[in-house]
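Let me begin by presenting the structure, written as structure tokens, before commenting on it.
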Amino acid sequence: MPRRVAMREVGPRDGFQNEPETIAAADKIRLIDMLSATGVPRIEVTSFVRADVIPQLADGAEVLAGIERRPGVSFSVLIPNRRGLEHALPHRDRFDEISVFLSASESHNQANVNRSIADSLAGLEETLAAAGEAGLRREGVIATSFGCPYEGAVPPERVFEIAERLAAAGCAEVGFGDTTGMANPRQVREFFAAARKRLPGVELTAHFHNTRGQGLANVLAALEEGIASFEASFGELGGCPVPPGSTGNVSSEDVVSMLHEMGIETGIDLSALIAASRAAQEVLGRPLGAHVLRAGPVDWRVGQS
Ligand code: ZN
């Protein structure tokens with residue numbers, strides 16, 4: 001298992017995008033500043049998707065302008081296409097990385113971006129090339145890597161072919177999303193064992209959802225295959241609109257707590273992370289689902305708040 005893991009906090013994008021409320025830019029900025037003070041090395045701060053498609057993130061430029069740039073924290077933005085990149089590039093000094101995305105299953109890709117996988121890949125290759133010219137580090141995220149709500153099983157071979165295309169187009173990192181929480185730990189082990197052979201030199205990132213309560217088990221399975229890069233969402237914010245009622249990403253504090261208890265370093269101050277989730281609860285006016293948010297870290301004494 002890795003001795004140290006690189007976490008990427010995706011709550012400000014993946015989380016806020018999929019919550020029913022639209023959060024004020026000032027609140028987002030305050031929460032992202034709290035997150036970047038936790039020691040987390042990477043934060044996905046917003047996206048440049050069309051405002052009519054995702055109104056929750058229409059304030060991307062304002063958020064980027066307002067958040068504090070902290071040494072050692074890399075900010076990324078999610079970019080859907082070439083047009084999104086053009087909207088992001090004027091704010092180039094405010095972020096370090098982009099992530100692009102597509103789905104491994106045709107029907108989910110159609111439902112999500114209304115294009116075939118082949119069309120998505122062709123567009124993303126152009127977008128990635130332009131982002132490379134702007135000196136941006138690039139991550140490609142493949143949704144439904146472990147199963148599709150419309151098609152069921154997704155052959156790993158198909159996922160790896162897409163990942164190879166993304167790597168060839170300049171992605172230093174490929175993230176594999178369990179978008180609707182269909183992965184199981186055995187599948188995750190087999191998947192990453194094969195992925196490591198197929199994609200040498202590419203940073204492999206696991207992005208699990210806790211839809212069916214198997215998020216942490218899947219994190220452990222990925223760790224056992226040497227995966228050292230994980231995306232998670234503070235508070236367990238977010239989810240996926242399909243299927244309705246899905247719970248969110250695996251929670252950052254639950255992953256970080258488990259890693260620390262296992263002796264794996266993250267560089268993150270868990271108490272500061274919990275404080276950020278509490279602040280998010282206050283903004284939303286309702287409790288969030290993360291276990292460690294409710295119970296506190298293992299080393300907190302009973303009765304201590
Ligand atoms: Zn997610």
Lone qualifier among Gly72, Gly39 - being open to solvent by 40 Å² or more (accessible area, probe 1.4 Å), small (Gly, Ala, Ser), within 30 Å of Gly267 (Cβ to Cβ) and not in a helix (DSSP H, G or I): Gly72
- request: Kindly establish whether Gln187 is of a type in the set (S, T, N, Q), over 19 Å from Glu236 (Cβ atoms) and open to solvent by 40 Å² or more (accessible area, probe 1.4 Å).
  value: yes
- request: Consider Gly245 carefully, then state whether it is in a loop (DSSP other than H, G, I, E, B), within 11 Å of the ligand (Cβ to nearest atom) and at pLDDT below 95.
  value: no
Residue, least open to solvent (accessible area, probe 1.4 Å), within the stretch 144-156, restricted to residues that are in contact with a helix residue (DSSP H, G or I) (Cβ under 8 Å, 6 or more places away or on another chain) and over 24 Å from Gly170 (Cα atoms): Cys148
query: Restricting the search to the stretch 14-28, which residues are in a helix (DSSP H, G or I) and away from the ligand (no atom under 16 Å from the Cβ)?
result: Ala25, Ala26, Asp27, Lys28
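Results for (1) more than 19 Å from Phe230 (Cα to Cα); (2) among the aromatic types (Phe, Trp, Tyr); (3) open to solvent by 50 Å² or more (accessible area, probe 1.4 Å); (4) in contact with a Phe, Trp or Tyr (Cβ under 7 Å, 6 or more places away or on another chain), shown as yes or no for each residue.
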position: Glu125; (1), (2), (3), (4): yes, no, yes, no
position: Ile142; (1), (2), (3), (4): no, no, no, yes
position: Arg158; (1), (2), (3), (4): yes, no, yes, no
position: Leu166; (1), (2), (3), (4): no, no, no, no
position: Ala172; (1), (2), (3), (4): no, no, no, no
position: Gly177; (1), (2), (3), (4): no, no, no, no
position: Gly181; (1), (2), (3), (4): no, no, no, no
position: Phe192; (1), (2), (3), (4): no, yes, no, no
message: When you check Leu237 against the structure, is it more than 11 Å from the ligand (Cβ to nearest atom) and either open to solvent by less than 30 Å² (accessible area, probe 1.4 Å) or modelled with pLDDT of 95 or more (or both), yes or no?
response: no
query: Since Ser99 meets every condition but one in (1) touching a helix residue (DSSP H, G or I) at 6+ places or on another chain (Cβ under 8 Å); (2) surrounded by 20 or more Cβ atoms within 10 Å (Cβ to Cβ); (3) closer than 18 Å to Thr46 by Cα, which condition does it not meet?
result: (1)
message: Regarding the stretch 189-209, can at least one residue be identified that is over 17 Å from the mean Cα position of the chain (by Cα) and under 30 Å from Leu31 (Cβ atoms)?
response: no
query: Would it be correct to say that Ser120 is within 16 Å of the ligand (Cβ to nearest atom) and in contact with a strand residue (DSSP E or B) (Cβ under 6 Å, 6 or more places away or on another chain)?
result: no
- prompt: Taking interchain pairs and intrachain pairs at least six residues apart, which have beta carbon atoms under 7 angstrom, with the first residue in the stretch 257-279 and among the hydroxyl-bearing types (Ser, Thr, Tyr) and the second buried (at least 17 other Cβ atoms within 10 Å of the Cβ) and assigned to a loop (DSSP other than H, G, I, E, B)?
  reply: Thr266/Val5; Ser277/Leu288; Ser277/Ala290
task: Among what's in the stretch 194-212 and is assigned to a helix (DSSP H, G or I) and surrounded by fewer than 21 Cβ atoms within 10 Å (Cβ to Cβ), pick the residue that is farthest from the ligand (Cβ to nearest atom).
output: Lys197
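The values are calculated or read from the model by the stated rules, or taken from the named source; none is laboratory data. This one's a predicted model, so the numbers in the text were calculated from it and none came from an experiment. Reconstructed Cβ throughout: ideal geometry from the backbone, glycine too, with neighbour counts over all protein chains shown. In case anyone asks, the SASA skips ligands and DNA or RNA and just uses the protein heavy atoms, side chains included. Shrake-Rupley method; radii C 1.70, N 1.55, O 1.52, S 1.80 Å.
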